[in-house]
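See below for the structure under consideration.
The values are calculated or read from the model by the stated rules, or taken from the named source; none is laboratory data. It should be emphasised that the depicted structure is a prediction, and the values quoted were computed from it without experimental measurement. As a convention, Cβ positions derive from the backbone with ideal geometry for all residues, glycine included, and neighbour counts pool all protein chains shown. Calculation scope for accessible area: heavy atoms of the full protein, side chains included, ligands and nucleic acids excluded. Shrake-Rupley method; radii C 1.70, N 1.55, O 1.52, S 1.80 Å.
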Amino acid sequence: MCPVDGKWSAWGPWSQCSSSCLRQRQRLCSKPLYGGKPCIGDNIQIEKCYTADCQKLPVMNTAPKSASLRISGELNGEKVEGMYLDADITQDGPKQLVTATVKDILKAQANWFPYLTFLMPPLPWNTASEKEKANNGYTLTNGNFTEESRFQFATGQELVVRHKGKGVDKEGALKVDIEVVGKVPMIQPTASVVISPYTEDYIQTGPNSLYTSSRSFS
């Protein structure tokens with residue numbers, strides 16, 4: 001009954017080249033047993049096709065390449081204000097890579113910020129690479145949106161994060177106000193918080209409204 005971690009299968013064959021000159025292949029992860037860990041990594045690889053019929057795809061400038069996030073609210077009983085999170089969005093092969101740096105935090109508050117990952121969800125959604133008819137959030141909203149996320153920790157704390165997208169500025173940076181309310185477990189500033197692979201369900205609750213919930217989130 002020892003834990004058995006999930007293991008990746010070999011990559012399957014590449015699909016045929018699509019009309020957008022992309023192809024993909026997949027691999028499967030065996031089910032973890034007895035508390036084992038899930039596989040780490042991607043289950044799909046996507047790349048450009050290099051056939052005679054494919055022309056070089058144009059670079060799409062439909063998403064911001066940077067973001068400025070202003071953080072306020074109350075965290076672990078202390079008022080939060082005047083904190084900023086600057087993010088850069090760069091192309092990493094078929095993916096978009098989001099990196100961020102927090103500014104103007106007090107030393108006493110440093111152990112809050114291994115949780116910065118929880119402030120980032122609007123950025124991947126707004127800047128995701130677009131494939132065929134699948135649009136990213138920026139194409140759908142022009143950067144004007146509201147989002148609320150709730151995180152519950154096994155230790156009993158709960159954190160509510162509200163995002164207010166305010167479009168892009170003259171430099172093309174996405175502007176987002178973030179309100180945090182609640183508590184997070186106290187950990188060392190040098191520690192890492194890792195979000196394991198998880199599944200999300202999306203339900204349309206109105207003409208301009210989506211509800212999402214996640215499973216197997218740790």
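What the table below lists for this structure:
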{"read-out": "Residue among L106, L85 that alone is aliphatic (A, V, I, L, M) and either modelled with pLDDT under 80 or farther than 30 Å from K183 by Cβ (or both)", "value": "L106"}
{"read-out": "Subset tally (residues that are in contact (Cβ under 8 Å) with a residue 24 or more places away in the chain and farther than 23 Å from I71 by Cβ) for the stretch 131-163", "value": "4"}
{"read-out": "Residue list for the stretch 32-79, restricted to those being of a type outside the set (V, I, T), open to solvent by 90 Å² or more (accessible area, probe 1.4 Å), at pLDDT 85 or above and part of a loop (DSSP other than H, G, I, E, B)", "value": "Y34, K37"}
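Table: residues versus (1) modelled with pLDDT of 85 or more; (2) open to solvent by 60 Å² or more (accessible area, probe 1.4 Å); (3) within 30 Å of I44 (Cβ to Cβ).
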residue	(1), (2), (3)
K133	no, yes, yes
N136	no, no, yes
P185	no, no, no
T190	no, yes, no
V193	no, no, yes
